[in-house]
1. Just to be sure I understand the filter: pairs with C-beta atoms under 8 Å, separated by 6 or more residues or on different chains, first member in segment 162-188 and within 17 Å of Ile106 (Cβ to Cβ) and touching a residue at least 24 places away in the same chain (Cβ under 8 Å), second member part of a loop (DSSP other than H, G, I, E, B) and among the aromatic types (Phe, Trp, Tyr). Which pairs pass?
2. Against the definition (among the hydrophobic types (A, V, I, L, M, F, W, C), within 28 Å of Leu118 (Cα to Cα), over 10 Å from the mean Cα position of the chain (by Cα) and crowded, with 21+ Cβ neighbours inside 10 Å), how does Phe8 come out, yes or no?
3. What are the pairs, 6+ residues apart or on separate chains, where a residue within segment 17-46 that is closer than 12 Å to Tyr182 by Cβ has its Cβ under 9 Å from a residue that is surrounded by 17 or more Cβ atoms within 10 Å (Cβ to Cβ) and small (Gly, Ala, Ser)?
4. Give me a count of the residues in segment 76-86 that are buried (at least 23 other Cβ atoms within 10 Å of the Cβ) and either hydrophobic (A, V, I, L, M, F, W, C) or in contact with a strand residue (DSSP E or B) (Cβ under 6 Å, 6 or more places away or on another chain) (or both).
5. Within segment 62-75, how many residues are of a type outside the set (S, T, N, Q), surrounded by 20 or more Cβ atoms within 10 Å (Cβ to Cβ) and either modelled with pLDDT under 95 or in contact with a Phe, Trp or Tyr (Cβ under 8 Å, 6 or more places away or on another chain) (or both)?
6. Please indicate, with yes or no, whether at least one residue in segment 30-45 is at pLDDT below 95 and crowded, with 22+ Cβ neighbours inside 10 Å.
7. I need a count of the residues in segment 147-171 that are touching a strand residue (DSSP E or B) at 6+ places or on another chain (Cβ under 6 Å) and either surrounded by fewer than 18 Cβ atoms within 10 Å (Cβ to Cβ) or in a helix (DSSP H, G or I) (or both).
8. Can you go through Ile187, Ile106 and tell me which one is in contact with a helix residue (DSSP H, G or I) (Cβ under 7 Å, 6 or more places away or on another chain) and within 20 Å of Arg51 (Cβ to Cβ)?
Amino acid sequence: MNAEFKNFIQKVKNFEPTGTEKTRLDNIIMGMDKFIDSCKTIVFLCTHNSRRSQYCEIWAKYFSSVYRNKIKFLSAGTLKMKVPKQVYKSFERVGVKVDENSSINIETMTISPFSKTLTEVKEKEFISIMTCAESEKSCPVDARSLINLKLFYDDPRRYDNTQEEAEEYDKTSFMIASEINYILKNIN
């Protein structure tokens, strides 16, 4: 683990939610705990499946390996869009290698993010976690979902091509990593 990534992960692990944020995350954990013994697949949902749901899937796969959770993580949306370069660059800024095939290499893991629609998810049942704050009404819902949980994030896309772009993508990645870490270290 390089020093830059080690520093990032330490900050993520130091995250302790308080107040309504803690209540919100603890409610997600309780919802997951109700079904996690019978269903080991979690799908992060967002309309475009390009930014927030991708961050969730990537960080969930990483922290699941850290805590040895035997859970399958996917992401999906109603539309299929290319994962933007800004997502990859935010991983590079915290010391994660991104190869020429756009695979993210975190320690010994290789994760190849790609956008997919909910119809491409072949699981018969899953736990869904919606990630799109501003488009909650258009966030996809699927009858195969045993429970629909809400872990909303603002879309960093609104900062594309601005001076705040890198900072906002980094903040989104950090917040998602921190909350996913908290959830996965506390589920039963």
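1. Ser178/Phe15; Asn181/Phe15
2. Values: among the hydrophobic types (A, V, I, L, M, F, W, C): yes; within 28 Å of Leu118 (Cα to Cα): no; over 10 Å from the mean Cα position of the chain (by Cα): yes; crowded, with 21+ Cβ neighbours inside 10 Å: yes.
When the stated conditions are applied, Phe8 does not pass them.
3. Qualifying pairs under 9 Å: Pro17/Ser178.
4. Step one: list which residues in segment 76-86 are buried (at least 23 other Cβ atoms within 10 Å of the Cβ), which gives 76-77.
Right, trim to either hydrophobic (A, V, I, L, M, F, W, C) or in contact with a strand residue (DSSP E or B) (Cβ under 6 Å, 6 or more places away or on another chain) (or both) and you get 76.
Matching residues across segment 76-86 total 1.
5. Adding up the residues that qualify gives 2.
6. Checked against the condition, which is being at pLDDT below 95 and crowded, with 22+ Cβ neighbours inside 10 Å, segment 30-45 yields at least one hit.
7. Step one: list which residues in segment 147-171 are touching a strand residue (DSSP E or B) at 6+ places or on another chain (Cβ under 6 Å), which gives 147-151, 153.
Applying the additional criterion that residues be either surrounded by fewer than 18 Cβ atoms within 10 Å (Cβ to Cβ) or in a helix (DSSP H, G or I) (or both) yields 147-148, 150.
Here the count works out to 3.
8. Working: Ile187 fails: within 20 Å of Arg51 (Cβ to Cβ).
Going through Ile187, Ile106 in turn, the sole match is Ile106.
The values are calculated or read from the model by the stated rules, or taken from the named source; none is laboratory data. What you see is a predicted model, and the numbers here were worked out from it, not measured in a lab. Heads up, the Cβs are rebuilt from the backbone with ideal geometry, glycines too, and the neighbour counts pull from every protein chain shown.
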